[in-house]
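All remarks here apply to the structure that follows.
Every number in this text was worked out from the coordinates using simple rules, so none of it is lab data. This is a predicted model, so every value here is computed, not measured. FYI the Cβ positions are ideal-geometry reconstructions off the backbone, even for glycines, and counts take in every protein chain you see.
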Amino acid sequence: MDWTKEAGVGVGAFFIMGHPGETKETLQETIDFALSLRIDEFHCTLMTPLPGAEIYRNWQKYGTFDNDWKKLSNWKAVFVPFGLTKEDLEKYNQKFFRKFYFRPRIIWGYVKRIRSPKHFFVYFSGFLALLEWVFKKRKV
């Protein structure tokens, strides 16, 4: 990762929250770990058992699962590990985005990438969508 950054290439990371055995503590550890990395962007979805995966066949051992095809998007808490709630998963996921993207280093990185009015519009639109998503009260 450091070599990539030194070469001037942006670094991104992808995380999934809500694995079997996940707890509030491990959710927070994931957030803390990501914030300790020198990444420029990240994305985080919620663990979703998909057909063909082992967890899809054995989800009953690990939590509850709303196996509604319309909801299998990785954005809705359809799988909830024992010991957590849908609300917990949504709250920590929103917190993750908020804590990561509202840091001065990250905001400044996006400002530096603006090369034209079109770039400004794209980034500003994305910022407004992020604001709406991380501060919105969610129905779960």
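Here are some notes:
- The criterion of being loosely packed, with under 15 Cβ neighbours inside 10 Å and either at negative phi or without any contact (Cβ under 8 Å) to a residue 12 or more places away in the chain (or both) holds for ARG38.
- Filtering LYS95, LYS91, LYS24 for residues that are of a type in the set (Lys, Arg), touching a residue at least 24 places away in the same chain (Cβ under 8 Å), closer than 18 Å to LEU130 by Cα and surrounded by 11 or more Cβ atoms within 10 Å (Cβ to Cβ) leaves a single hit, LYS95.
- Qualifying residue in the stretch 71-80 (condition: free of Cβ contacts under 8 Å to residues at least 12 places away in the same chain, under 30 Å from MET1 (Cα atoms), of a type outside the set (Gly, Ala, Ser) and not in a loop (DSSP other than H, G, I, E, B)): no
- Test for ARG105: is it closer than 26 Å to GLY126 by Cβ, loosely packed, with under 11 Cβ neighbours inside 10 Å and among the basic types (Lys, Arg): yes
- Taking the stretch 45-64 as the range and being over 22 Å from GLU90 (Cβ atoms) and either in contact with a Leu (Cβ under 6 Å, 6 or more places away or on another chain) or part of a helix (DSSP H, G or I) (or both) as the test, the residues that pass are GLU54, ARG57, ASN58, GLN60, LYS61.
- All of PHE100, PHE65 fail the test of being in contact with a strand residue (DSSP E or B) (Cβ under 6 Å, 6 or more places away or on another chain) and over 18 Å from GLU22 (Cβ atoms), apart from PHE100.
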